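Here's the structure we're looking at; comments come further down.
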Amino acid sequence: QVQLVESGGGLVQAGGSLTLSCAASGTIFSINAMGWYRQAPGKQRESVARIFSAGSTNYADSVKGRFTISRNNAKNTVYLRMNSLKPEDTAIYYCNVLVGTSHYWGQGTQVTVSS
(Lines give C-alpha, C1' and ligand atoms only; values in the text may rest on other atoms or scores of the structure.)
Protein backbone atom coordinates (compact mmCIF):
# COMPACT_ATOMS: atom_id res chain seq x y z
CA GLN A 1 0.00 0.00 0.00
CA VAL A 2 0.99 3.59 -0.61
CA GLN A 3 0.03 6.52 1.58
CA LEU A 4 0.05 10.10 0.39
CA VAL A 5 0.19 13.12 2.68
CA GLU A 6 -0.55 16.50 1.18
CA SER A 7 0.11 19.93 2.59
CA GLY A 8 0.26 23.55 1.56
CA GLY A 9 -3.27 24.52 0.65
CA GLY A 10 -4.98 27.61 1.98
CA LEU A 11 -6.52 30.97 1.25
CA VAL A 12 -4.68 33.46 -0.92
CA GLN A 13 -5.54 36.64 -2.78
CA ALA A 14 -5.58 36.73 -6.56
CA GLY A 15 -2.07 37.17 -7.88
CA GLY A 16 -0.58 35.38 -4.91
CA SER A 17 1.35 32.14 -4.69
CA LEU A 18 1.13 28.81 -2.93
CA THR A 19 3.19 25.65 -2.93
CA LEU A 20 1.59 22.25 -2.47
CA SER A 21 3.56 19.21 -1.30
CA CYS A 22 2.74 15.53 -1.41
CA ALA A 23 4.88 12.88 0.24
CA ALA A 24 4.45 9.23 -0.64
CA SER A 25 5.28 6.43 1.75
CA GLY A 26 4.71 2.71 2.05
CA THR A 27 5.50 -0.09 -0.36
CA ILE A 28 6.99 1.79 -3.27
CA PHE A 29 9.00 -0.08 -5.86
CA SER A 30 8.74 2.23 -8.79
CA ILE A 31 6.93 5.52 -9.15
CA ASN A 32 6.11 6.02 -12.80
CA ALA A 33 4.42 9.36 -12.44
CA MET A 34 3.34 11.89 -9.83
CA GLY A 35 0.84 14.61 -10.38
CA TRP A 36 -1.83 16.99 -9.22
CA TYR A 37 -5.50 17.05 -10.08
CA ARG A 38 -8.17 19.46 -8.97
CA GLN A 39 -11.91 19.51 -8.59
CA ALA A 40 -13.94 22.66 -8.31
CA PRO A 41 -17.53 22.65 -7.02
CA GLY A 42 -19.89 21.28 -9.63
CA LYS A 43 -17.08 20.32 -11.98
CA GLN A 44 -15.26 17.13 -12.87
CA ARG A 45 -11.81 16.39 -11.55
CA GLU A 46 -9.18 17.54 -14.01
CA SER A 47 -5.47 17.02 -14.44
CA VAL A 48 -3.39 20.05 -13.52
CA ALA A 49 0.20 18.87 -13.88
CA ARG A 50 2.13 15.61 -14.05
CA ILE A 51 5.78 14.66 -13.87
CA PHE A 52 7.05 11.34 -15.13
CA SER A 53 9.91 9.13 -14.03
CA ALA A 54 12.19 10.42 -16.79
CA GLY A 55 11.50 13.98 -15.69
CA SER A 56 9.15 15.07 -18.44
CA THR A 57 6.14 17.13 -17.46
CA ASN A 58 2.79 18.15 -18.79
CA TYR A 59 0.39 20.86 -17.74
CA ALA A 60 -3.18 21.84 -18.30
CA ASP A 61 -3.39 24.76 -20.70
CA SER A 62 -5.06 26.86 -18.02
CA VAL A 63 -2.00 26.73 -15.75
CA LYS A 64 0.89 26.77 -18.21
CA GLY A 65 3.37 29.48 -17.38
CA ARG A 66 1.94 29.92 -13.87
CA PHE A 67 2.34 26.52 -12.21
CA THR A 68 5.49 24.42 -11.91
CA ILE A 69 5.61 20.78 -10.89
CA SER A 70 8.75 19.23 -9.47
CA ARG A 71 9.76 16.16 -7.50
CA ASN A 72 12.34 14.98 -5.04
CA ASN A 73 12.98 11.34 -5.86
CA ALA A 74 14.93 10.67 -2.69
CA LYS A 75 11.95 11.78 -0.60
CA ASN A 76 9.22 10.46 -2.93
CA THR A 77 7.73 13.92 -2.79
CA VAL A 78 6.07 16.00 -5.48
CA TYR A 79 5.55 19.75 -5.34
CA LEU A 80 3.31 22.17 -7.17
CA ARG A 81 4.38 25.79 -7.15
CA MET A 82 1.42 27.97 -8.08
CA ASN A 83 2.04 31.58 -9.04
CA SER A 84 -0.27 34.31 -10.29
CA LEU A 85 -3.24 32.51 -8.80
CA LYS A 86 -6.69 33.33 -10.11
CA PRO A 87 -10.12 32.88 -8.52
CA GLU A 88 -10.82 30.16 -11.08
CA ASP A 89 -7.96 28.13 -9.56
CA THR A 90 -10.11 27.64 -6.48
CA ALA A 91 -10.62 23.90 -5.98
CA ILE A 92 -9.66 20.89 -3.95
CA TYR A 93 -6.27 19.74 -5.17
CA TYR A 94 -5.47 16.04 -5.10
CA CYS A 95 -2.11 14.39 -5.33
CA ASN A 96 -1.89 11.30 -7.54
CA VAL A 97 0.91 8.78 -7.72
CA LEU A 98 1.24 5.99 -10.28
CA VAL A 99 3.16 3.07 -8.78
CA GLY A 100 3.52 0.33 -11.36
CA THR A 101 0.03 0.29 -12.82
CA SER A 102 -1.77 1.33 -9.63
CA HIS A 103 -3.02 4.85 -8.95
CA TYR A 104 -3.06 6.26 -5.45
CA TRP A 105 -4.78 9.45 -4.32
CA GLY A 106 -4.22 11.88 -1.52
CA GLN A 107 -7.02 13.14 0.68
CA GLY A 108 -7.11 16.53 -1.04
CA THR A 109 -6.18 20.01 0.07
CA GLN A 110 -8.34 23.08 -0.39
CA VAL A 111 -7.00 26.04 -2.35
CA THR A 112 -9.14 29.16 -2.29
CA VAL A 113 -8.23 32.26 -4.28
CA SER A 114 -10.11 35.42 -3.39
CA SER A 115 -10.65 38.23 -5.89
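The values are calculated or read from the model by the stated rules, or taken from the named source; none is laboratory data. Remember, it's a predicted structure, so these values are computed and weren't measured experimentally. We place every Cβ from the backbone using ideal geometry, glycine too, and count neighbours over all the protein chains shown. Remember, those area values only see protein heavy atoms, side chains included, never the ligands or the DNA or RNA. Shrake-Rupley method; radii C 1.70, N 1.55, O 1.52, S 1.80 Å.
Using a Gaussian network model of the chain in which every pair of alpha carbons under 10 angstrom is joined by a spring, one finds that among Gly42, Gly100, Gly55 the greatest mean-square fluctuation is at Gly42. Solvent-free Debye calculation, one equal scatterer per alpha-carbon of the range 1-57: log10 I(q)/I(0) at 0.12, 0.29 Å⁻¹ equals -0.39, -1.26.
For the range 21-71, the list of chymotrypsin sites (Phe, Trp or Tyr not before Pro) that fall in a loop by DSSP and count at most 14 other C-beta atoms within 10 angstrom reads Phe29.
Report, in debye and to the nearest 20, how large the dipole of the chain comes out about its Cα centre when Lys and Arg carry +1 and Asp and Glu carry -1 on their Cβ. Before the final figure, lay out each step's value.
On the way: 10 positive and 5 negative charges, 27 e Å.
The dipole of the chain has a size of about 140 debye.
Ligands, DNA and RNA left out, the 1.4 Å accessible surface of the range 18-87 is 47% carbon and sulfur atoms. Over the range 35-109, accessible surface divided per residue gives 52 Å², non-protein components excluded, 1.4 Å probe. Under the combined filter of DSSP loop state and at most 16 neighbouring Cβ atoms within 10 Å, the range 1-90 retains these trypsin sites (Lys or Arg not before Pro): Lys43, Arg45, Lys64, Arg66. Here the 3J(HN,Hα) profile of the range 92-104, calculated from phi with Karplus coefficients 6.51, -1.76 and 1.60 at θ = phi - 60°, is 8, 9, 10, 7, 9, 10, 9, 10, x, 10, 9, 9, 10 Hz, Gly and Pro shown as x. Average 1/r across all pairs of distinct alpha carbons in the range 20-93, invert it, and you get the Kirkwood radius: 13.0 Å.
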